[in-house]
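The values are calculated or read from the model by the stated rules, or taken from the named source; none is laboratory data. It should be emphasised that the depicted structure is a prediction, and the values quoted were computed from it without experimental measurement. As a convention, Cβ positions derive from the backbone with ideal geometry for all residues, glycine included, and neighbour counts pool all protein chains shown.
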Amino acid sequence: MKMPDFNGLRRYVTLPGRKRARIVRDVDSELETHLAMRAEALERQGATRDDARAQALREFGDLADARQYCVEVSRRTDRRAKWRDWLSDARLDAGHAVRLMRRSPAFSAATIAVFAAAIAASTAANSVLRAYLIRPLPFPEADRLMSIVPGPSLAVFPRSPSLQHVDWKRVDSLFEVTAAWDLDGFTLPDGSRPDYIDGAWVSPGFSKTMGITPAIGRDFTADDFAKHAPVALISDALWERRYGRDPRIVGTTVTMASTDRPREQTRVTIVGVLPRTFWHLNRFTDLLRPLPDESRMPSLARLQRGMSMAEGEAKLDAVVRAQLSGVDPGWRMSLMSASEEHAANIRPILVAISGAALLMLLAACGSVAGGLVGRMVSRRQELAIRTALGGTSGRIGRQLLTESVILATIAGTIGVVAARALLVAIGPLIERQLGATVPGGEIPKVEVVPPTPPALDRSRVHHPSFTFPFSSASLFLTRTFANVPRVITRSLPRREP
Amino acid sequence: MADSRLELLQGTLDLLVLKALTWGPMHGYGVSVLIHQQTDGEITVVDAALYKALYRLEHDNLLASTWGVSENNRKAKFYRLTPEGRKRLRDALADWRRYSSAVEKLVGAT
């Protein structure tokens with residue numbers, strides 16, 4: 001009696017996902033069968049065994065080439081078949097999941113609502129966090145931009161030396177560029193409506209540090225500073241408010257009185273308008289005038305390329321200290337990342353809120369998972385039937401996974417849309433409550449823009465590159481939790497045969 | 001016989017393979033023999049080209065294959081037409097008839 005061909009049987013039931021070695025073996029086996037059959041036929045016609053084999057090979061043509069071609073094509077066929085199976089399974093699972101959700105609308109709605117709320121809260125919280133702490137300041141090469149702090153920290157140092165007679169020009173040369181400003185208020189008495197506006201006297205390095213290119217007109221020139229020219233730049237907001245966006249404002253001479261420097265000239269020519277996108281660390285931006293040539297401590301400095309913060313700080317401290325005497329040994333000049341300084345006071349709040357939102361998301365994931373597990377109990381019958389009909393635990397697990405993914409995707413979409421609405425509605429309020437302006441002007445609204453890596457985030461396009469990972473993370477968390485049912489299917493009662 | 005082999009255009013080979021499989025599922029050698037016999041020995045397909053065609057047609061979803069056991073108890077891969085394959089065969093046959101009758105009109109003109 002002949003043994004049954006187990007090997008053939010095994011091949012017959014093998015799933016499409018075969019390995020390369022198996023494909024090569026299959027092609028070889030098929031071609032060998034062909035050669036053997038042809039040789040047998042030739043033998044029957046009277047050829048010797050060796051001749052028959054040789055002729056079969058000769059007739060075949062380029063065997064090596066055909067073999068290679070068949071292996072290559074077979075691999076592609078295989079991959080496609082695998083992908084097609086996967087897709088058709090996914091479609092089936094999705095259809096089934098949607099039918100199930102329709103069958104228990106209350107449960108689905110509750111799950112989605114809980115989850116969407118949690119995603120909305122954490123997405124909104126993390127958008128704010130990102131706007132303040134993660135997005136770089138909207139200045140060129142902001143990563144090298146440092147705040148100069150007269151003391152070891154932002155806290156008030158009890159015995160600070162007087163810095164009145166320090167020659168700050170010697171500090172300027174340590175850095176690529178520095179910016180100093182003296183905040184001031186200006187009265188504009190002309191016209192029908194006198195204005196009191198916030199402005200500043202700014203140093204020659206200011207424009208370069210902030211990357212300002214006037215929207216119309218020109219920037220301050222070296223001459224303006226050298227000759228202490230009576231010129232001014234105005235903000236887009238003031239241009240709109242007071243001058244109705246009239247381009248003829250450039251070159252116009254207006255009267256203005258400085259609050260802090262009453263002896264400065266009052267007939268001042270407006271030479272340019274700042275771009276609408278201009279954002280500064282403080283709100284004194286409606287009017288800029290060239291700072292008179294005087295020694296003034298810069299507030300911002302950009303490190304030389306390749307210079308570390310510690311190195312810059314050591315040099316800064318040495319230059320300043322050399323001009324002072326009897327300094328408390330605990331005192332020193334220090335540098336601090338400009339973005340860090342800007343958000344120094346609100347960092348703990350933001351981190352706490354984001355943490356809370358994350359915990360809420362976790363709690364929601366837990367409760368949703370709990371709900372799903374609870375429902376599993378009522379679905380035991382359905383699952384038992386599927387198992388009985390030959391559903392493997394892997395296949396049923398995938399079905400359950402698809403259900404969770406669909407739930408999470410719907411909830412995630414609603415959550416992100418809600419987060420956007422929330423930010424639009426209360427963004428300005430958040431900004432006021434936190435007491436620090438949002439770098440770049442506004443909290444990035446969640447917009448449907450393909451997420452880009454944060455490193456590319458130099459433009460002003462607001463995109464949810466930070467919020468998306470969060471939604472995805474929550475999807476992942478639910479998936480993980482929702483996989484619990486799969487464990488349960490494993491423990492389903494197995495009928496004795 | 002081996003001397004009279006014709007070089008076939010690729011489209012023609014596909015047509016022959018698809019047509020051969022309308023006799024029912026068969027392995028590569030079977031296809032080769034069937035084409036040879038049905039054309040009264042006029043056409044012998046080079047085996048290398050035949051197998052390339054079989055794999056290509058399977059990739060294009062015109063053929064499907066399963067492993068089975070041949071009539072003399074060898075493990076062999078059996079090909080059969082898929083519904084797409086049948087449709088392609090119908091189209092290819094129609095094209096072929098138009099083409100060959102057009103050529104015949106010219107060549108047979110007196």
Does residue B:11 fit the bill of being at pLDDT below 90 and either crowded, with 19+ Cβ neighbours inside 10 Å or away from chain A (no Cβ under 11 Å) (or both)?
yes
Kindly establish whether residue A:383 is buried (at least 16 other Cβ atoms within 10 Å of the Cβ) and within 30 Å of residue A:128 (Cα to Cα).
no
For region A:61-72, which residues satisfy the criterion of being within 7 Å of chain B (Cβ to nearest Cβ) and within 18 Å of residue A:33 (Cβ to Cβ)?
A:61, A:63, A:66, A:69, A:70
Total residues in region A:384-393, condition free of Cβ contacts under 8 Å to residues at least 60 places away in the same chain, in contact with a helix residue (DSSP H, G or I) (Cβ under 9 Å, 6 or more places away or on another chain) and of a type outside the set (D, E, K, R):
1
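Check whether at least one residue in region A:76-86 is away from every other protein chain (no Cβ under 14 Å) and modelled with pLDDT under 90, and report yes or no. First the steps, then the outcome.
First pass over region A:76-86, keeping only residues away from every other protein chain (no Cβ under 14 Å): A:86.
With the extra rule that they be modelled with pLDDT under 90, the set shrinks to A:86.
Checked against the condition, which is being away from every other protein chain (no Cβ under 14 Å) and modelled with pLDDT under 90, region A:76-86 yields at least one hit.
State yes or no: is residue B:54 of a type outside the set (Val, Ile, Thr), surrounded by 17 or more Cβ atoms within 10 Å (Cβ to Cβ) and facing chain A (nearest Cβ under 9 Å)?
Numbers: of a type outside the set (Val, Ile, Thr): yes; surrounded by 17 or more Cβ atoms within 10 Å (Cβ to Cβ): yes; facing chain A (nearest Cβ under 9 Å): yes.
For residue B:54, the condition - of a type outside the set (Val, Ile, Thr), surrounded by 17 or more Cβ atoms within 10 Å (Cβ to Cβ) and facing chain A (nearest Cβ under 9 Å) - is met.
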Residues located in region B:57-92, provided they are closer than 24 Å to residue A:67 by Cα, crowded, with 19+ Cβ neighbours inside 10 Å, in contact (Cβ under 8 Å) with a residue 40 or more places away in the chain and not aromatic (Phe, Trp, Tyr)
B:57, B:62, B:63, B:76, B:77, B:81, B:85
Being more than 23 Å from residue A:259 (Cβ to Cβ), among the acidic types (Asp, Glu) and either within 40 Å of the chain's Cα centre (by Cα) or surrounded by fewer than 20 Cβ atoms within 10 Å (Cβ to Cβ) (or both) narrows A:223, A:198 down to just A:223
Sole miss for residue A:43 among (1) within 51 Å of the chain's Cα centre (by Cα); (2) more than 8 Å from chain B (Cβ to nearest Cβ) is condition (1)
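Only helices (runs of 4 or more DSSP H) wholly contained in region A:167-260 count here; list those with 2 or more residues that are closer than 16 Å to residue A:288 by Cβ. Working first, answer last.
Numbers: elements: A:169-172, A:206-210, A:222-226, A:236-243.
Where helices (runs of 4 or more DSSP H) fall fully within region A:167-260 and carry at least 2 residues being closer than 16 Å to residue A:288 by Cβ, they are A:206-210, A:222-226, A:236-243.
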Residue B:34, sole failed condition from (1) at the interface with chain A (Cβ under 8 Å from one of its Cβ atoms); (2) in contact with a strand residue (DSSP E or B) (Cβ under 9 Å, 6 or more places away or on another chain); (3) under 19 Å from residue A:38 (Cβ atoms)
(1)
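Tell me the helices (runs of 4 or more DSSP H) entirely within region B:13-110 that contain at least 2 residues that are within 22 Å of residue A:28 (Cα to Cα). Explain how you work it out, then say what you get.
Details: elements: B:28-38, B:47-59, B:83-107.
Result: B:28-38, B:47-59.
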For region A:40-97, what are the residues that are outside the structural domain of residue A:23 (by TED's automatic domain parsing) and either in contact with a Phe, Trp or Tyr (Cβ under 8 Å, 6 or more places away or on another chain) or crowded, with 16+ Cβ neighbours inside 10 Å (or both)?
A:93, A:97
Filter region A:270-313 down to the residues that are exposed (fewer than 14 other Cβ atoms within 10 Å of the Cβ) and not in a loop (DSSP other than H, G, I, E, B) and list them by number.
A:310
Which residue pairs have Cβ atoms under 8 Å apart, sit 6 or more places apart or on different chains, and have a first residue in region A:284-306 that is in contact (Cβ under 8 Å) with a residue 60 or more places away in the chain and a second that is assigned to a loop (DSSP other than H, G, I, E, B) and among the β-branched types (Val, Ile, Thr)?
A:295/A:166; A:297/A:166
Cβ contacts < 7 Å: first residue over 20 Å from residue B:12 (Cα atoms), restricted to region B:98-110; second residue surrounded by fewer than 10 Cβ atoms within 10 Å (Cβ to Cβ), any location; separation 6+ or different chain. Result?
none
